[in-house]
Amino acid sequence: MKIYVLNGPNLNLLGVREPGIYGSESYADLIQRIEAYAEQAGISVKCLQSNHEGALVDFIHEGFYEGIDGIVFNPGAYTHTSIALLDALKATKIPCVEVHISDVDAREEFRKISYIRPACIATISGHGTAGYLEAIDLLLKKEENAK
Ligand code: DQA
């Protein structure tokens, strides 16, 4: 099983960025934890981050051509604005779990809107960075159920 973990704008600043909301763990530490978790689960993971919407679209297309089995996706603020990301997920049909570190439903009104949600199999919001690992578990479960 092969998956991508995609992170959108400003998530490279984890640890520095509003620690009261996003915690004190750095992006590098999070990636290390995700890679260790995936290795122990016996799955191949590629973690990618960009501050640019089109680059995130390109990552999804790349995953499609590589034949990946799932995406764990925190699009950051593009969650609330991007039809292009929704269309990329719909076009490629890669099973995707939407992840947010903070509880987006308990924040500003505009964060309650997710353009990508209709193309996702699940959403995990407000579980901190543990949400990324929970999303991997969901993709694993989906893969096992498909066998
Ligand atoms: C976020 C929530 C978004 O509203 C915000 O723009 C982010 C991070 C989260 O992980 O909680 O950049 O996706």
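The values are calculated or read from the model by the stated rules, or taken from the named source; none is laboratory data. Computed from a predicted structure; not experimentally measured. Reconstructed Cβ throughout: ideal geometry from the backbone, glycine too, with neighbour counts over all protein chains shown. What goes into the accessible areas is simple: the full protein's heavy atoms, side chains included, and nothing from ligands, DNA or RNA. Shrake-Rupley method; radii C 1.70, N 1.55, O 1.52, S 1.80 Å.
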Scope region 4-60; condition in a helix (DSSP H, G or I), open to solvent by 40 Å² or more (accessible area, probe 1.4 Å) and in contact (Cβ under 8 Å) with a residue 60 or more places away in the chain; matching residues
I21, R33, Y37
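Results for (1) at pLDDT 95 or above; (2) within 16 Å of the ligand (Cβ to nearest atom); (3) aliphatic (A, V, I, L, M), shown as yes or no for each residue.
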| residue | (1), (2), (3) |
| --- | --- |
| V5 | yes, yes, yes |
| G8 | yes, yes, no |
| P19 | yes, yes, no |
| Y37 | yes, no, no |
| N51 | yes, yes, no |
Could you count how many residues in region 106-127 are loosely packed, with under 13 Cβ neighbours inside 10 Å and touching a residue at least 12 places away in the same chain (Cβ under 8 Å)?
4
Could you count how many residues in region 66-105 are open to solvent by 20 Å² or more (accessible area, probe 1.4 Å), within 10 Å of the ligand (Cβ to nearest atom) and either within 23 Å of K2 (Cα to Cα) or out of contact with any Asp or Glu (no Cβ under 8 Å at 6 or more places or on another chain) (or both)?
4
Picking from I34, I68, which residue would you name as being over 26 Å from V104 (Cα atoms), of a type in the set (A, V, I, L, M) and touching a strand residue (DSSP E or B) at 6+ places or on another chain (Cβ under 7 Å)?
I68
